[in-house]
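The values are calculated or read from the model by the stated rules, or taken from the named source; none is laboratory data. The shown structure was predicted, so the numbers you read here are calculated from the model rather than taken from an experiment. All Cβ positions, glycine included, derive from the backbone under ideal geometry; neighbour counts span all protein chains shown.
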Amino acid sequence: MWKIKESEHYIFHYHENSYAEQDITNIIDMQENCYEYICEVLDVKLDKKLNYFLCNSPVELGVLYGDNEPCNGFARMPDEIYAVYNENIKCIGYHEDAHMISYNTLSRPPQNFIREGLAMFFDRTWWGISNFVWVDYFLKSNKLIRFCDLIENSNFFKHSDMITYPLSGAFTEYIITVFGIGTYKEFYKNLGEDFNLCFQESFGISLDEAELKFFKYLSNISISKDIIKIIEKKLEIEAIN
């Protein structure tokens, strides 16, 4: 049984006596702010409210997803967002909202690399560290994956999301910064199965050329030793789990 509270752009569903119920006012404020920013950046309007389900645990979310695989958040067309919200996990913010808003107003491209890239562009960080810093670390550690190896969805999921998510987000931010949000939106809306052709037609350069320019840009970023230690510690913990 869900309790329900509506805001301007959402219908929030949560359990009685849950952390979500306790924090529902703050959750609503945060998501409405995220919603407004996403719509302003993409210059879009959604003609319906989003249903936001705040779950107690990753296990509960896995059951609702349908495969019983624990997870922290997902978006389901046409208008549902599911997120874990408890004492230790608060999976709210831009990510799933960016998915749902872009899918409903622009398109849902075939490639996970692009879909997650736009969501991560709005997140800006992965585990509190800039997407660009993660990618620069992997690049200078010779652990980075070539873009051409991530366009196929089957390949995208073969690799750790600790690499694929920050990489897709940082590259998306780079492309939007260089070519403009308008050009990127047209690319996003019209993207089909022939990714390389669509990319070339949209931006006037090949994916390989864009990748090279992106890596040159990253070469000018410096990471403090303290941040490197934090990244390596997180990678160590992830490897153990």
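The table for this structure:
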| item | result |
| --- | --- |
| Residues being more than 18 Å from the chain's Cα centre (by Cα) and either touching a residue at least 60 places away in the same chain (Cβ under 8 Å) or within 20 Å of K189 (Cα to Cα) (or both) - total across the range 109-139 | 3 |
| Search result, residues across the range 203-241 that are modelled with pLDDT of 90 or more, small (G, A, S) and not in a helix (DSSP H, G or I) | G204, S206, S224 |
| Residue in the range 132-149 that is within 22 Å of E238 (Cβ to Cβ), surrounded by fewer than 20 Cβ atoms within 10 Å (Cβ to Cβ) and touching a His at 6+ places or on another chain (Cβ under 9 Å) present | yes |
| One residue from D136, D79, D149, D97 being in contact with a helix residue (DSSP H, G or I) (Cβ under 6 Å, 6 or more places away or on another chain), of a type in the set (D, E) and closer than 25 Å to D47 by Cβ | D97 |
| Cross-chain or 6+ apart pairs with Cβ under 6 Å, the range 13-39 first and in contact (Cβ under 8 Å) with a residue 40 or more places away in the chain, then outside any helix (DSSP H, G or I) and basic (K, R) | Y14/K3 |
| For F214: the one exception among (1) exposed (fewer than 12 other Cβ atoms within 10 Å of the Cβ); (2) within 13 Å of I175 (Cα to Cα); (3) hydrophobic (A, V, I, L, M, F, W, C) | (1) |
| Of the criteria (1) outside any strand (DSSP E or B); (2) aliphatic (A, V, I, L, M); (3) over 21 Å from the mean Cα position of the chain (by Cα); (4) over 20 Å from I89 (Cβ atoms), which one I11 fails | (1) |
| Subset tally (residues that are touching a strand residue (DSSP E or B) at 6+ places or on another chain (Cβ under 7 Å) and either of a type in the set (S, T, N, Q) or not in a strand (DSSP E or B) (or both)) for the range 78-93 | 3 |
| The range 32-77 - residue that is of a type in the set (S, T, N, Q) and either at positive phi or outside any helix (DSSP H, G or I) (or both) and, of those, surrounded by the fewest Cβ atoms within 10 Å (Cβ to Cβ) | N68 |
| Sole residue being surrounded by fewer than 18 Cβ atoms within 10 Å (Cβ to Cβ) and of a type in the set (F, W, Y), chosen from F199, F156, F179 | F179 |
| Criterion: buried (at least 19 other Cβ atoms within 10 Å of the Cβ), more than 21 Å from I129 (Cα to Cα) and touching a helix residue (DSSP H, G or I) at 6+ places or on another chain (Cβ under 8 Å) - qualifying residue of L191, L167 | L191 |
| Hits in the range 97-147 - residues which are part of a loop (DSSP other than H, G, I, E, B), over 17 Å from L207 (Cα atoms), at pLDDT 95 or above and of a type outside the set (A, V, I, L, M, F, W, C) | S107, R108, R124 |
| Qualifying residue in the range 26-42 (condition: in contact with a Cys (Cβ under 8 Å, 6 or more places away or on another chain), within 21 Å of E116 (Cβ to Cβ) and modelled with pLDDT of 95 or more) | no |
